[in-house]
Amino acid sequence: MGVSRREFLKMAAAAGIAASLASTLRPPSVERALSVAAAEGEEKPVEFRVAKQACLICGQRCPFEIHVARLGGAEVITRVVPIIDPEYPEYFAACGRPQVVQELRVLEERIPGPLLRVGRRGEGRFKQISWSEALDLLARWVREYLDEPWKIVVLSHQGAEGGLVRKFFEEYIGTENVTEHCDTCHTGMDEGHRFILGKFAGPAKFQPDYRNAKLVVLMGRNPVGGIVASAWTKMFVEGREAKTKFIVFDVRRSRLTDLADEYYIIPPGFDLAISLAILNVILTERLYNTEYLVKWTNAPMLFYYSGDLSTVEPVRLADNPKMPGKKTYLVYDEADGRFKLKVEARRPSLEYTGEYNGRPVATALVILRDAVKGYTPEWAEGLQRRLFGRVYVKASDIRRVARELAEAAPRAFIDHGYKGTRYYNEGMLKRVNLLINVLLGSVGARGGLAYAAGKPKIPSTWSILGFRSIAGGKKGVSIPEYWEQNGVANVRPHCWSMLVVRTIIEGKPYPIGLLFIHRQNLVSHAIGGRRLAEALKDENRVKHIVVLDSTFNETVMYADLVLPVTMFFEEEAPTLQYAKKSYVDFIVDAQKAVDPPSWVDARDAWWIIVELAKRLGIAPSGLRVDPVEVKRRQAEKLGINYEELRRRGYVLWKKSPKYHPWGGKPLSTVTGELEIINVKLLEEYRSYIGRESPLNPFPAWIPPLWIREKCNGGNGPCSLADNEFVLVEYQESVTATNMFIRFAKSVHDILEWKQVYGVRIHPERAKKLGLKTGDMVRLVGPNGEIRAKVIVTEDVDPYVAAAPHATAVDTKVVPLEAVIEGKGGVKRVRLFAEGGGYGVNANMLADPLRHVVPEEGLRAAQNDLIVRIERL
């Protein structure tokens, strides 16, 4: 039975769909809508299916149930219920985002079928074609580059198939140019952690043990309102119930600051100065965990050191007989006053200074203390006065926080956070914070930063299906390789979407032949703005653009070929998945709940890849895929009872995080230990010693870009014009980065009800501009402009204009309306059809050649820019 969108919406309302919204999220407008829907309902829904799902709105795969009923010939979602394990309820949580899945299903922005561009790129003009035509065209475009596979560039992120899409093109087609968007998310953290752990380590590496902690300091992390908050929110609540003390540093007041025991509102990017001062106190007052440092770190390691950091070098390294492949090193043994290798010493000294072979030497701990001796709390207070003309955090408070951390250690820590691409100095901030946790003995400790339980190795769907690689082994220069030869350092594998942006803009190292984008909103999610938009219009820079997504968005408007894919709850996932970054590790089986609505001809992304594989000879032409059978075989390989997994929707894989300083095995450092001075990187980045760079081997103050620009090169005082602000974006509890959820009316209504849909500025700045709440303004950045509604509030620092992320577009980059030619005539689809679009997106305003960090893989510095606010 064919049902129109209007009829479907009426039936959905009658079924009480929106009533599944958590009561705490219901604004008055939603309550009124529910009352009207109940009054108009003529039929009662008959529930007939309960599907287990793993939420992908923010990518965390939190398990929940979708209850489906029949009503008037259509299938409708009646309830969305979080799955809670009865034995381990503390490990399970889901936020309010999944409650909007029924509305997501019927968004006006949904792509109706396969589309081929008919206008110029960026105009949003398409014609609808058949799936057969679309797949044949895709296969033809891929074949064009089989002899030069590196000219196929793939960006893939969300969906059960995110990793499968990347694996397909990398292993079966042969391109090395495959990435996702973590360089606009957490790469700054990954880079900072590498100096201590020996390799890139993102937010999934650690689990903050809130419930067993005595004291937690939060900087740049909101566990009760961030993008991936559900598991952290629950642990945060448990921590509050257990009387854990929380101290927060942020640029704005929020629900988190309201719940904190104390909080400090500080200017953007100033966290690093606070952390350096805390590090200084812990080192100079000797508040560190001596036993922990001796046993688990290279703090006792002797270096040649004459007081000049640029001359520091290890005295002696030798193969470690107790850790194959690792090095032990020379220490001073206090037990007998002799120099020995650490593996031979009974009591390695932490603070030895003296001579060895006629040259001055000192331990790593002593050198680290010297490196930060100037970063006293008084220095941090003075820096505030010099830059901002006022004090946000007193020296006495910094010193007290450091002492409280030490007193509560090891059940105390600075949260490692999640986002790591806001400011130029964020990599150093994450490094310094982890150093503090190491000195406290909190890394791997109960009540500290525990290591994540560990993910399972799930067999690839493609190997189970017997795919055959057609990669010919031909190698060209990959995009990361080229840019690493041309001024960019430390590109993290599969985390370089900003390099794709730069390649498109500059046309180097070569024009892209096929840009394949799967659920990755490049135009909106990467810093690009007008520079990227103009470059994308040039077919000499990118010949073919293919986009797989569920709704129209900024990137779809630039596609040559659009392939609509199902929402995650409309497909039977082709692979088991693991719920990452939860307190424990569990495997989920995401099951199909409903079909797409009848006016949407979307297919599963995995089906598209299989059909492409058939056309390319990678898979047999007669291959039929049963995703349930694939998952059954994966479960067998893992030793899991699939019937039980299917029934419950999940199975616990690990039931506890890892409480061990190294996470249970030697680390990737030279010594295998936590390194407070990284042996390898000390030599590799020696030329950066003394410089304001994230590659300085020693902790150092690095001004964010906006302070360098507006504060006399970082020396102060800061001088912003009355209409200039630092633009800070954040994630709200019902939004998710650039996902289709931002188009939902319920989300728009909730954000309006909470008075956060728009740009928030301080009253003293608003008064100077003659602005009041509700006024419409233009935000003008270095590379674009957007429209926003003003919200005047004392909840933000005066330097800041703050707003939820991705709630606006630059209309000179992206049209708000797509035009589709079809058999039934012309159809128009509008972005933000149900309201909204007058918020913020810093990526549309920042400059992709300027607001980046070349030393950290060209990762983004998304909030490190100045914008002008002009009344409309």
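Quick notes on this one:
- Inspection of the stretch 227-239 identifies at least one residue that is at pLDDT below 90, in a helix (DSSP H, G or I) and of a type in the set (Ser, Thr, Tyr).
- Cβ separations smaller than 8 Å between residues 6+ apart or across chains give the following pairs from the stretch 821-835 residues that are more than 15 Å from Val809 (Cα to Cα) and charged (D, E, K, R) to residues that are in a strand (DSSP E or B) and open to solvent by less than 40 Å² (accessible area, probe 1.4 Å): Glu821/Phe126; Lys827/Val819; Lys827/Ile820; Arg828/Ala818; Arg828/Val819; Arg828/Ile820.
- Ser719 in contact (Cβ under 8 Å) with a residue 12 or more places away in the chain and among the hydroxyl-bearing types (Ser, Thr, Tyr): no
- Conditions (1) closer than 30 Å to Pro694 by Cα; (2) crowded, with 22+ Cβ neighbours inside 10 Å; (3) modelled with pLDDT of 95 or more; number of the one not met by Asn843: (3)
- Number of positions in the stretch 275-317 that are open to solvent by 10 Å² or more (accessible area, probe 1.4 Å) and either assigned to a loop (DSSP other than H, G, I, E, B) or at positive phi (or both): 11
- Applying the criterion of being assigned to a helix (DSSP H, G or I) and open to solvent by 50 Å² or more (accessible area, probe 1.4 Å) to the residues of the stretch 400-424, the residue that is nearest to Thr244 (Cα to Cα) is Glu407.
- Pairs where the first residue, in the stretch 96-114, is farther than 20 Å from Cys55 by Cα and the second is β-branched (Val, Ile, Thr) and assigned to a loop (DSSP other than H, G, I, E, B), C-beta under 9 Å, 6+ apart: Ile111/Val600; Pro112/Val600; Gly113/Ile129; Gly113/Val600; Pro114/Ile129
- Scanning the stretch 534-591 for residues being buried (at least 24 other Cβ atoms within 10 Å of the Cβ) and in a helix (DSSP H, G or I) gives a total of 6.
- In the stretch 55-83, the residues that are within 16 Å of Phe568 (Cα to Cα) form Cβ pairs under 9 Å with partners that are acidic (Asp, Glu) and modelled with pLDDT under 85, at six or more places apart or across chains, as follows: His67/Glu47; Val68/Glu47.
- Ile129 vs. criteria under 22 Å from Arg603 (Cβ atoms), touching a Leu at 6+ places or on another chain (Cβ under 6 Å) and either of a type in the set (A, V, I, L, M) or modelled with pLDDT of 95 or more (or both): yes
- Look at (1) over 30 Å from Leu283 (Cα atoms); (2) open to solvent by less than 10 Å² (accessible area, probe 1.4 Å); (3) under 26 Å from the mean Cα position of the chain (by Cα) and you find that Val610 fails only one, number (3).
- Strands (runs of 3 or more DSSP E) contained entirely in the stretch 318-368, each with at least 3 residues that are under 17 Å from Leu674 (Cα atoms): 327-333
- Residues that are of a type in the set (D, E, K, R) and more than 26 Å from the chain's Cα centre (by Cα), drawn from the stretch 676-707: Lys680, Glu683, Glu684, Arg686, Arg691
- Residue match in the stretch 797-808 (condition: open to solvent by 10 Å² or more (accessible area, probe 1.4 Å), touching a residue at least 12 places away in the same chain (Cβ under 8 Å) and among the aliphatic types (A, V, I, L, M)): no
- Filtering the stretch 742-774 to residues that are touching a Leu at 6+ places or on another chain (Cβ under 8 Å) and surrounded by fewer than 23 Cβ atoms within 10 Å (Cβ to Cβ) leaves nothing.
- Members of the stretch 178-216 that are among the charged types (D, E, K, R) and open to solvent by 10 Å² or more (accessible area, probe 1.4 Å): Glu180, Arg194, Lys199, Lys205, Arg211, Lys214
- Looking only at the stretch 84-98, and only at residues there that are surrounded by fewer than 19 Cβ atoms within 10 Å (Cβ to Cβ) and within 29 Å of the chain's Cα centre (by Cα), the one that is nearest to Lys654 (Cα to Cα): Tyr88
- If you go through the stretch 639-665 and keep only what is open to solvent by 60 Å² or more (accessible area, probe 1.4 Å), more than 19 Å from Tyr91 (Cα to Cα) and part of a loop (DSSP other than H, G, I, E, B), you end up with Gly639, Asn641, Lys665.
- Qualifying residue in the stretch 506-524 (condition: more than 20 Å from Ser478 (Cβ to Cβ) and in a helix (DSSP H, G or I)): yes
- Exclusive hit being surrounded by fewer than 23 Cβ atoms within 10 Å (Cβ to Cβ), over 21 Å from Val523 (Cβ atoms) and among the aliphatic types (A, V, I, L, M), set Val819, Val792, Val780, Val829: Val792
- Test: residue in the stretch 458-467 that is over 30 Å from Arg194 (Cα atoms), polar (S, T, N, Q) and either in contact with a Leu (Cβ under 8 Å, 6 or more places away or on another chain) or surrounded by 18 or more Cβ atoms within 10 Å (Cβ to Cβ) (or both): yes
- Test: residue in the stretch 243-250 that is open to solvent by 10 Å² or more (accessible area, probe 1.4 Å), under 24 Å from the mean Cα position of the chain (by Cα) and without any contact (Cβ under 8 Å) to a residue 60 or more places away in the chain: yes
- Scoring Ser349 on the criteria (1) in contact with a strand residue (DSSP E or B) (Cβ under 7 Å, 6 or more places away or on another chain); (2) among the polar types (S, T, N, Q); (3) open to solvent by 40 Å² or more (accessible area, probe 1.4 Å) leaves a single failure, condition (3).
The values are calculated or read from the model by the stated rules, or taken from the named source; none is laboratory data. As the structure is a prediction and not an experimental result, all values here were calculated from the model. Using ideal geometry, Cβ is built from the backbone for each residue, glycine included, and neighbour counts are taken over all protein chains shown. Protein only, heavy atoms only, side chains kept; ligands, DNA and RNA dropped before computing areas. Shrake-Rupley method; radii C 1.70, N 1.55, O 1.52, S 1.80 Å.
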